[in-house]
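Quick notes on the structure that follows.
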Amino acid sequence: MRRTIRPTAVPPPAGQPAGPAAAPVPAPVSVSAPASVSAPAPASADPVEREREAAVARLFDQHYASMLRLAALLGADDPENIVAEAYYQIYRKWRKLRDAESAEAYLRSTVCNLTRMRIRHLQVARRHAEAPPTDLVASAENSALLRDDQRVLVGALQQLPARQREALVLRHWLGLKESEIAAAMGISAGSVKTHTARGLAALTQAMEARR
């Protein structure tokens, strides 16, 4: 048999008249913020990440123009995209680099490799194209870069094989040492000498033929 337990009235304190039974007092309810409202996310506290962003920003300020010029002189049809991709790659691999000097060398090497790959891709695409390729429309920035150099020299330079062109540009436009050129091109110092000598001879011959 179920028993019904009824609440009993609490007698008033002494000296106070009895009144009607007081209503039960509800238990306190904790109030929380709405689910849609959240505290602002704190700024990244990772010092390694902050240092990486600052270092890549400094590298961009110091070397973007020279890397853009390098890509253009190596024959890239889109030097801006080449350099942007190079900076993206160095940002991803920054923790593997030792210092700013190695970062600059890696950046040069990446620009050379990306430009070489881009030229090869265009050559393959043109060989398989049904219609003869039309002249590429250079960007305004690329045209401004090439306008600073002698048109005849740049035109002759673009006709050289890729390795010879890279060796000459890195040596005579950027003024790199043989060891730095070798690192950028991924070849030995002896191969750098060979490509530089052959490229210079071919460039001289092309220049004399255009006179």
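The values are calculated or read from the model by the stated rules, or taken from the named source; none is laboratory data. Since we're looking at a predicted model, the values are computed, not measured. All Cβ positions, even for glycine, are placed from backbone atoms using ideal geometry, and neighbour counts span all protein chains on display. Accessible surface is based on the protein model in full, side chains and every heavy atom, while ligands, DNA and RNA are left aside. Shrake-Rupley method; radii C 1.70, N 1.55, O 1.52, S 1.80 Å.
Of the residues in region 78-104, how many are part of a helix (DSSP H, G or I) and surrounded by fewer than 17 Cβ atoms within 10 Å (Cβ to Cβ)?
Going through region 78-104 one residue at a time, the tally reaches 13.
Show the residue pairs that are 6+ apart or on different chains and have beta-carbon atoms under 8 Å apart, the first residue being within region 159-177 and without any contact (Cβ under 8 Å) to a residue 40 or more places away in the chain, the second being part of a loop (DSSP other than H, G, I, E, B) and surrounded by 15 or more Cβ atoms within 10 Å (Cβ to Cβ).
That search, which allows pairs on different chains as well, returns 163/187; 168/160.
Each row is one residue, and each column tells you yes or no for (1) open to solvent by less than 100 Å² (accessible area, probe 1.4 Å); (2) polar (S, T, N, Q); (3) at pLDDT below 90; (4) assigned to a loop (DSSP other than H, G, I, E, B).
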position: 19; (1), (2), (3), (4): yes, no, yes, yes
position: 26; (1), (2), (3), (4): no, no, yes, yes
position: 42; (1), (2), (3), (4): no, no, yes, yes
position: 50; (1), (2), (3), (4): no, no, yes, no
position: 57; (1), (2), (3), (4): yes, no, no, no
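Are there any pairs, at least 6 apart or on different chains, whose C-beta atoms fall under 8 Å, with the first in region 52-75 and at positive phi and the second open to solvent by less than 10 Å² (accessible area, probe 1.4 Å) and assigned to a helix (DSSP H, G or I), and if so, which?
From region 52-75, the pairs are 75/115.
With the requirement that a residue be within 25 Å of residue 76 (Cα to Cα) and either over 15 Å from the mean Cα position of the chain (by Cα) or not aromatic (Phe, Trp, Tyr) (or both), what does region 86-100 give you?
Matches in region 86-100: 86, 89, 90, 92, 93.
Which of the residues that make up region 136-190 are at pLDDT 90 or above, open to solvent by 70 Å² or more (accessible area, probe 1.4 Å) and among the polar types (S, T, N, Q)?
179
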